Each structure stands twice: as structure tokens, then as C-alpha cells.
Amino acid sequence: MTVIDTPRLLLRAMSASDVEHVVEGRPPEGVRWAAGYPSPGERAAAARVVRTIAETGDPTPFGSYEIRLGADGPVIGGLGFHGVPDEAGHVTIGYGLVPSVRGMGYASEALRALLRFARDRGVACVHGDTDLDNIASQRVMTAAGMRLVREDSLLKHYRVDWDGPAER
């Protein structure tokens, strides 16, 4: 089970059973969910992971991660990859937090950790997008080191590129 620690968060790879619980909207036994989790977006992402597992197998470590507030805290959101890297080493990410913890820097902290994780596994480029009016999400991606590369009528598109693993 892949676990990524940050100073305030624990990012834990979700198993097939975990994502099924999210789709159903009920926490696994012994797991606390913050009020508002899972959001409709989290449930849609979990359904996508269930389909991916059924069609192509478990994408771990390029699947979904729950964001916990500390090691023993509640699940406050999720983030993850929209699939394994393509032949060019590109992957797309998404993330979300419950409303009660937004604006505290958790999303940027989690995204920075996931980007480091991806880079350390040979990913060359990470893509993300957000609605035109979602200023908070735009700030999260910028704070995590992504840059705006394109805007269309619906979305702003961000990415970060690397040519090698992160320096330690």
C-alpha cells in the first residue's frame, strides 16, 4: 500500500475496496470521513477507477489517493492520477477537498507531494485543468509548481515538465 507523508497530511493509495466505498458513499469500517466527503467529483473519480480496474487492471501507484488530516485524522479529500503515464511519460491529475478545510494550504501541500512522487517514478509531464472561474484551484496548481499553458472556452490547462528525477 503506497503512503505519502507530508508535514500535515497522509496520502494513502486507495484499494479497489476503498474506491467502491467512495462510489457507494459509505466509509469503510474504522475510517472517518469529514463532513462533505465524498463530493460528487470524488464519487465520479472513484467510479472511473473502478472501471479502469475492471478494464485494464489496478493502476497502482497511478490511481487515487485519499487525503487524511494527519495519520489518524479523517479523510478530507482525494487526489490522484487519471491513469498510468502514456508512452511519452505524461499523466493527468485531479484533486479535491471538503469545503471546511479549503484555504488552509492542504491542496497545495498534497499536490506538491503527488508531483514529487510522480517525478520520482519517471513521469516526464503532469497535466491538470480547472474551470475558468475556479481561482482557488488555479492558485493550488501554481503554488505546486504547475504553469498555465492553455485556456479554452471551459477550462484553464496547467502542466509541469521534468527531464529527470527530483534532487534530494
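The values are calculated or read from the model by the stated rules, or taken from the named source; none is laboratory data. In this text the structure is predicted, and so the values were computed from the model without any measurement. All Cβ positions, glycine included, derive from the backbone under ideal geometry; neighbour counts span all protein chains shown. We work out accessible area using only protein heavy atoms, side chains counted, and drop any ligands, DNA or RNA first. Shrake-Rupley method; radii C 1.70, N 1.55, O 1.52, S 1.80 Å.
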Can you say whether Ser64 is without any contact (Cβ under 8 Å) to a residue 24 or more places away in the chain and small (Gly, Ala, Ser), as far as the supplied structure shows? no
Those residues of the range 68-110 which are touching a helix residue (DSSP H, G or I) at 6+ places or on another chain (Cβ under 6 Å) and not in a strand (DSSP E or B) amount to Ala107, Ser108
When the residues of the range 19-65 are filtered to those that are assigned to a loop (DSSP other than H, G, I, E, B) and aliphatic (A, V, I, L, M), which remaining residue is most open to solvent (accessible area, probe 1.4 Å)? Ala35
Within the range 116-168, which strands (runs of 3 or more DSSP E) (wholly inside it) include 2 or more residues that are open to solvent by 80 Å² or more (accessible area, probe 1.4 Å) and of a type in the set (S, T, N, Q)? none
Within the range 146-166, is even one residue β-branched (Val, Ile, Thr) and in contact with a Gly (Cβ under 6 Å, 6 or more places away or on another chain)? yes
Please work out which one of (1) touching a Ser or Thr at 6+ places or on another chain (Cβ under 8 Å); (2) open to solvent by less than 40 Å² (accessible area, probe 1.4 Å); (3) closer than 18 Å to Met141 by Cα is the condition Leu97 fails and give its number. (1)
